[in-house]
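Take a look at the structure set out below.
Every read-out reported here was derived from the displayed coordinates using simple, explicitly stated rules and does not represent laboratory data. In this text, all values refer to a predicted model and were calculated from it rather than measured experimentally. Heads up, the Cβs are rebuilt from the backbone with ideal geometry, glycines too, and the neighbour counts pull from every protein chain shown.
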Amino acid sequence: MAKMLGDDTKNKEMETLLSKEPNGMLINLVHYPIKVLGPGKRLGIWTQGCTIRCEKCISTHNWEFNASKFTPWEKIIDYINNNGGIKRIEGVTISGGEPFDQAEGLDKLLTILRALDFKDILVYSGYTYEYLEGKYANILEKIAVLIDGPFVFGKESDYIWKGSENQNMYVLSREEKIVEKYSEYKKLYKDKKLQIVTRIGVTYFIGIPYQKDALNFSEMSEVKDNE
């Protein structure tokens, strides 16, 4: 059983939480630190599976609902603890794939993250805020910041946090520190910096490039060896 750092009461609460379904979700990648998808040094979680499938998406490797990508909650919690937990990780960014295509799993993932005392939780979704508010208002309550809308090729954006101009940032948290942090982050322009992460023969390009640059490696967002 995954344990929280130094808190017996919270460990018991977490044990109760983890005993309920679902016991995990389809996850493509969990990585720390991420420095290009949100302010600070963050934990990045990419879900596996997407029904939206935007034209010229650079994350096509995340489209299929691949059962082999099922990840139990304990594995994610252990990874967080092994990287210092809330004392070291400055925030969490959840992307995909499409996180809301696994709504039940996303709901529980957010509950677990909040139980681990994370407050700065940023979620990217290809669905619009209006759609999510109507269908998943209970999940939005657990998110600090939502960046919504599908990627639309041809609607270029200079802002660091979005891939196309139609996408919007909604700061849902009322915490002053989070509101102030994202009011500044929202103003930042792209600096053409991406992160490269390699895991067991798979190379990931992390970040939001200009669309014209993304065309150069759209087929390289995940490079697999002999799969």
Cut-off 16 Å, label 7 Å out along Cα→Cβ of residue 17, residues of the range 109-144 by amide N: 109-122, 139-144
In degrees, nearest ten, helix 8-18 long axis to first principal axis of the chain (Cα): 60 degrees
Extension gain (nm, one decimal) between residue 175 and residue 216, 0.36 nm per residue minus Cα-Cα: 10.8 nm
Global size of the range 50-116 as Cα Rg and Dmax, reported in angstrom: 13.6, 39
Under the Debye formula (equal points on every Cα, no solvent term), log10 I(q)/I(0) of the range 5-71 at q = 0.21, 0.24, 0.26 Å⁻¹: -1.01, -1.06, -1.07
Relative pair counts by distance (%), Cα atoms of the range 103-150, 10 Å bins: 27, 59, 14, 0
Taking the C-alpha atoms of the range 1-153, convex hull volume expressed per residue in Å³: 108 Å³
For the range 82-101 and the range 107-152, distance of Cα centres in Å: 12 Å
Förster radius 22 Å - calculated FRET efficiency between residue 111 and residue 197 (Cβ-Cβ, nearest 0.05): 0.25
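As a test of the formula, what do you get for the chain when each DSSP H run with n ≥ 4 contributes -39,500 (n - 2.57) and the sum is divided by the residue count, at 222 nm and rounded to the nearest 500 deg cm²/dmol? All intermediate terms of the calculation are to be shown ahead of the outcome.
Working: 7 runs with 59 residues, N = 227.
Value at 222 nm, helices only, nearest 500: -7000 deg cm²/dmol.
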